[in-house]
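*Asks:* Structure below; questions to follow.
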Amino acid sequence: MSSRQKWAKKEIDIAKDSVSHDATSVTKKSSVKIGRTDGNITIKIGLRIKKSQTVDLFQIKVAGSPSSIDLTRIDDTTDWRYADINLVLPPGNDDQWILYTTSWAANYGKSFDTTIRLKPHYLHDNGFQVVTVVATANDVPLATGHYIFGVSIIPGASNEGEPYFAGGAARNAKGAKGTKGSKDKTVAKKKKKK
């Protein structure tokens, strides 16, 4: 999260650990790896969610740590940081950006555990919601500076979020592709020797 380089990079990788649903909310716990950090700075983090939703809980913990990093929500939507993110990454009619700031320490490393709870949730049991995440130094405009981004996929109650491979077949619970008993096949086939 640096202002030294003026471009955006997909350097936030978010992997689902668990998801729970109730009548009014959805909670996702994730393992997060980031590609770059600059230590001992104030950063801003943006989450793009549905306009009709609120972030009921957002926590970031250094991987393996029991305590959360202190986050401060930017509630003033007339703040220049909202104007900046809405210019560079317009949320559209149905979405909104929620911004947070925090003091970032050099010793945090690049691996984190996060929890996000959204209220209400409109997820079909077999659907999913995409939450875009951006981060950079607090005083760096996204319009002219460097930032990193990633996406968090929040699956519905019946959606296991299985990865899909070439041919569109999902892996089953035993790791095989497609139907039971089928073997994984390499996407790229080796050329036959003549």
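*Asks:* Being surrounded by 17 or more Cβ atoms within 10 Å (Cβ to Cβ), farther than 18 Å from Glu11 by Cβ and modelled with pLDDT of 95 or more is the filter here; which residues of the range 114-128 pass it?
*Replies:* Ile116, Arg117, Leu118
*Asks:* Additional query: For the range 109-129, which residues satisfy the criterion of being within 18 Å of Tyr147 (Cα to Cα) and either of a type in the set (D, E, K, R) or not in a strand (DSSP E or B) (or both)?
*Replies:* If the condition is that a residue be within 18 Å of Tyr147 (Cα to Cα) and either of a type in the set (D, E, K, R) or not in a strand (DSSP E or B) (or both), then Gly109, Lys110 are the ones that fit.
*Asks:* Let me ask something else. If only one of Asp125, Asp139 is in contact (Cβ under 8 Å) with a residue 60 or more places away in the chain and of a type in the set (Asp, Glu), which one is it?
*Replies:* Asp139
*Asks:* Looking only at residues that are in a strand (DSSP E or B) and in contact with a Ser or Thr (Cβ under 9 Å, 6 or more places away or on another chain) in the range 130-144, which one is farthest from Ala83 (Cα to Cα)?
*Replies:* For the range 130-144, the residue satisfying everything is Val130.
*Asks:* Just checking, which of Lys61, Lys33, Lys28, Lys10 is of a type outside the set (A, V, I, L, M, F, W, C) and under 24 Å from Pro141 (Cβ atoms)?
*Replies:* Lys10
*Asks:* Restricting to the range 22-43, what's the tally of residues that are in a loop (DSSP other than H, G, I, E, B) and among the hydrophobic types (A, V, I, L, M, F, W, C)?
*Replies:* The number of residues fulfilling the criteria is 1.
*Asks:* So in the range 44-98, with the set limited to residues that are in a helix (DSSP H, G or I) and hydrophobic (A, V, I, L, M, F, W, C), which one is surrounded by the most Cβ atoms within 10 Å (Cβ to Cβ)?
*Replies:* Ile85
The values are calculated or read from the model by the stated rules, or taken from the named source; none is laboratory data. Since this is a predicted model, take the numbers as computed values, not measurements. For neighbour counting, all protein chains shown are included, and Cβ atoms are generated from backbone atoms with ideal geometry for every residue, glycine included.
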